[in-house]
Amino acid sequence: MDALDRVVKPKTKRAKRFLEKREPKLSENVKNAMLIKGGNANLLVTQVLRDVYALKKPYGVLYKKKNITRPFEDQTSLEFFSKKSDCSLFMFGSHNKKRPNNLVIGRMYDFHVLDMIELGIEKFVSLKDIKNSKCPEGTKPMLIFAGDDFDVTEDYRRLKNLLIDFFRGPTVSNIRLAGLEYVLHFTALNGKIYFRSYKLLLKKSGCKTPRIELEEMGPSLDLVLRRTHLASDDLYRLSMKMPKALKPKKKKNVSHDTFGTTYGRIHMQKQDLSKLQTRKMKGLKKRPAERITEDQEKKSKRIKKN
């Protein structure tokens, strides 16, 4: 049995708290990412991993030592590191003659590789090279995806989902305008993916809503899609399954449209419209002759019943 798989009984209160944090929960913790460099990673790939780690802080773990592994051939070491550091996302950087400046981005499900996509770096501008003010650590970014490929091609659609999972940060209930500080922009065009990072500047506009300007912050990457390892549809559906306790209870006779408007259906007994009180008007008053004929009809009906 693997050392990490055996049942561990805590001996101290600190160990007990540590194990409780890792227990399965209805509302899971923020997904952490581990950034690993391969045995032959060059300076460019190492700097990319450092810059991505700077964007992911404090929800990331950067491994400084080189790890000789090949994710598409053997995934056991990635699964070991995932279980050890409690990370469900990973980025692996490597460099060789066949695949220069290589990045593998992926995610785990139950500490096993769910899907991963290999990207090649064609152009890179570091955070240090762009001399502008940076955002504080732990800021939640806004994500923008441009390009038809992200909605049409299956590989690009899964890559979009993976990038959202990787960079979205913690789930928040409320947003304030001053908290929207930087943007991550992904563009799919002519077989390439352009990754840009901008800082948001709120300027005076003379009215209540401020004027927005974008200032490039870094890092900047031009990427090419290489190999993919995607999960099957059944496994992918299973990984996205929501617990029953979190599912909203369905209310009878209440429905919502795409705009969020609530519609309700009311069930009533059959109504007698002859007894319905309408607005009284002089023009609708019955004449004396009509009243006499109505009274005679009612009397005749009573006589027939008797």
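The values are calculated or read from the model by the stated rules, or taken from the named source; none is laboratory data. Bear in mind that the values here come from a model prediction, so they are computed numbers and not experimental data. Cβ placement follows ideal geometry from the backbone for every residue including glycine, while neighbour counts extend to all protein chains displayed.
Some values worked out for this structure:
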| item | result |
| --- | --- |
| Conditions (1) farther than 16 Å from Leu127 by Cβ; (2) of a type in the set (Ser, Thr, Tyr); (3) crowded, with 16+ Cβ neighbours inside 10 Å; number of the one not met by Tyr53 | (1) |
| Ala188 vs. criteria at pLDDT 90 or above and aliphatic (A, V, I, L, M) | yes |
| Residue satisfying condition, being out of contact with any strand residue (DSSP E or B) (no Cβ under 8 Å at 6 or more places or on another chain) and not hydroxyl-bearing (Ser, Thr, Tyr), within set Lys97, Lys134, Lys123, Lys160 | Lys97 |
| Only listed residue being touching a strand residue (DSSP E or B) at 6+ places or on another chain (Cβ under 8 Å) and either under 23 Å from Pro58 (Cα atoms) or not hydroxyl-bearing (Ser, Thr, Tyr) (or both), chosen from Gly179, Gly169, Gly191 | Gly191 |
